[in-house]
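Below: one structure, written as structure tokens.
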Amino acid sequence: LEPTPLITTDAVVIGAGPVGLFQVFELGLLGLQAHVVDSLPAPGGQCIELYPDKPIYDIPGTPVCSGRELVARLLQQMAPFKAGMHLGQQVNQVQLQNDGGFHVETSAGTRFSTRTVFIAAGVGSFQPRRLPLEGLSAFEGTQVFYQNPPALVTLGQHVVVVGQGEAALACAVHLAPTAHVTLMHRREEFKATPATVAQVQQLRQQNQLQFVAGQATGFMQTQGQLTALQVSLSDGATRELPATVLVVLSGLSPKLGPVADWGLALERKQLVVNTETFETSTPGIFAVGDVNTYPGKKKLILCGFHEAALAAFGAAARINPEEPVTLQYTTTSTRLHQRLGVVVES
Ligand SMILES: Cc1cc2nc3c(=O)[nH]c(=O)nc-3n(C[C@H](O)[C@H](O)[C@H](O)COP(=O)(O)OP(=O)(O)OC[C@H]3O[C@@H](n4cnc5c(N)ncnc54)[C@H](O)[C@@H]3O)c2cc1C
């Protein structure tokens, strides 16, 4: 495979949570170009993954908005700066180069040569919760999926969908007409919209879908093909469940993962920063939002926004040491208006 072309930029922002997105905006105001990477397929971090429809009441100037609305507004606000968005990929490598810049590489092979790195990794990179069965990973991508599987793979197969949330139930409903589908969760307790739960119940009554309350304890294979799951049922019995395709949609869990391996000073799994520039123990690498720690740290979105502003000034001073960064107001600065692409009547 040809390596992807190297992307040269001022800043790579690791994490597209609310703070990572606002970081792009603050960098843009100072004329710095950014690329954002997130392991999730959509931006928004915890706001989208954990509470998209819950109201937030403590964003300054916004008496109430949902997690989803906040993220939509942050995306709109940063749009003028045309940041590169690299979603569905995890940053695995950050290496200091001889020229003081950094080489950054993702799980998808995207490579950056960047002057600065902003770690806005929150509680870590969100990963699908995997079934802890030894050897099962050998079937990932062919018979075992942690996302909706390709349609052709499931046709006429014995599909076991593991999970209790909207994604799992919707997947089971979607596959029921074309496959033998079993929905499985520890307990018969669903956390999905009433409409999807009703569809599941209707399909069960019509024998187009079965539900099993239990947990997988092992699996069977024949000639390198997954054939069945061993299941411990909630009533204590065990059962062998035919499974030629396994779809696990049991939610996401955050992993600090590679961030902890980049040789940066950590305190209780958080990156230690100075509160002048929010730089970590490695000059040129900044940490903002939930991932950092300093005396008095509060894991709030508004605190992350403040950190992002100061970190952007820190980066600007590092990138252009001969050009002092002056504070300008978005209200009155024509240079900022140009960067924002707005026309303001004088
Ligand atoms: C239920 C709930 C309610 C909340 N309510 C409020 C509230 O009302 N007000 C408030 O201020 N705060 C609230 N918070 C806290 C708030 O959501 C967090 O402070 C905020 O999300 C932190 O933003 P962040 O951008 O630092 O990190 P996150 O939102 O955690 O985003 C980090 C992103 O980085 C990505 N990432 C991590 N590592 C990597 C990697 N190596 N490669 C690629 N991507 C990576 C992750 O996938 C993730 O998307 C709430 C939190 C929860 C759970």
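The values are calculated or read from the model by the stated rules, or taken from the named source; none is laboratory data. Just so it is clear, the model here is predicted, and its values are computed rather than measured. Here Cβ is always computed from backbone atoms with ideal geometry, including for glycine, and neighbour counts include all displayed protein chains. Please note that ligands, DNA and RNA were not included when accessible areas were found on the heavy atoms of the full protein model with its side chains. Shrake-Rupley method; radii C 1.70, N 1.55, O 1.52, S 1.80 Å.
The residue pairs whose first member lies in segment 43-60 and is farther than 24 Å from G84 by Cα, whose second member is assigned to a loop (DSSP other than H, G, I, E, B) and more than 6 Å from the ligand (Cβ to nearest atom), and whose beta carbons are closer than 9 Å, counting only pairs six or more residues apart or on different chains, are P55/V64; I56/V64; Y57/P63; Y57/V64.
I'd like the full set of residues that are more than 8 Å from the ligand (Cβ to nearest atom) and buried (at least 22 other Cβ atoms within 10 Å of the Cβ), limited to segment 33-47. Talk me through it step by step, then tell me what you get.
Residues of segment 33-47 that are more than 8 Å from the ligand (Cβ to nearest atom), as a first pass: 33-36, 41-42.
Hits for segment 33-47 are A34, V36.
Tell me which residues, restricted to segment 110-127, are at pLDDT 95 or above and open to solvent by less than 40 Å² (accessible area, probe 1.4 Å). Within segment 110-127, T110, F112, T114, T116, V117, F118, I119, A120, A121, G122 meet the criteria. One residue stands out in segment 139-154 among those that are at pLDDT below 95 and in a helix (DSSP H, G or I): the one that is farthest from H174 (Cα to Cα), namely L152. Note on segment 54-78: among residues that are out of contact with any Leu (no Cβ under 9 Å at 6 or more places or on another chain) and farther than 15 Å from V19 by Cα, the one that is most open to solvent (accessible area, probe 1.4 Å) is Y57. Quick check, is A16 within 7 Å of the ligand (Cβ to nearest atom), under 24 Å from T330 (Cβ atoms), touching a strand residue (DSSP E or B) at 6+ places or on another chain (Cβ under 6 Å) and aliphatic (A, V, I, L, M)? Yes; evaluated as a whole, the condition is true for this residue.
Residues in segment 276-335 that are charged (D, E, K, R) and under 19 Å from V94 (Cα atoms): E279, R318.
Based on this model, can you work out whether Q23 counts as farther than 24 Å from Y329 by Cβ, within 10 Å of the ligand (Cβ to nearest atom) and either open to solvent by less than 60 Å² (accessible area, probe 1.4 Å) or out of contact with any Pro (no Cβ under 6 Å at 6 or more places or on another chain) (or both)?
Details: farther than 24 Å from Y329 by Cβ: no; within 10 Å of the ligand (Cβ to nearest atom): yes; either open to solvent by less than 60 Å² (accessible area, probe 1.4 Å) or out of contact with any Pro (no Cβ under 6 Å at 6 or more places or on another chain) (or both): yes.
Considered against the rule, which asks whether it is farther than 24 Å from Y329 by Cβ, within 10 Å of the ligand (Cβ to nearest atom) and either open to solvent by less than 60 Å² (accessible area, probe 1.4 Å) or out of contact with any Pro (no Cβ under 6 Å at 6 or more places or on another chain) (or both), Q23 comes out as no.
Tell me the residue from Q157, Q164, Q202, Q208 that is open to solvent by 10 Å² or more (accessible area, probe 1.4 Å) and under 19 Å from E240 (Cα atoms), please. Give the derivation first.
Details: Q164 fails: under 19 Å from E240 (Cα atoms); Q202 fails: under 19 Å from E240 (Cα atoms); Q208 fails: under 19 Å from E240 (Cα atoms).
Only one candidate qualifies: Q157.
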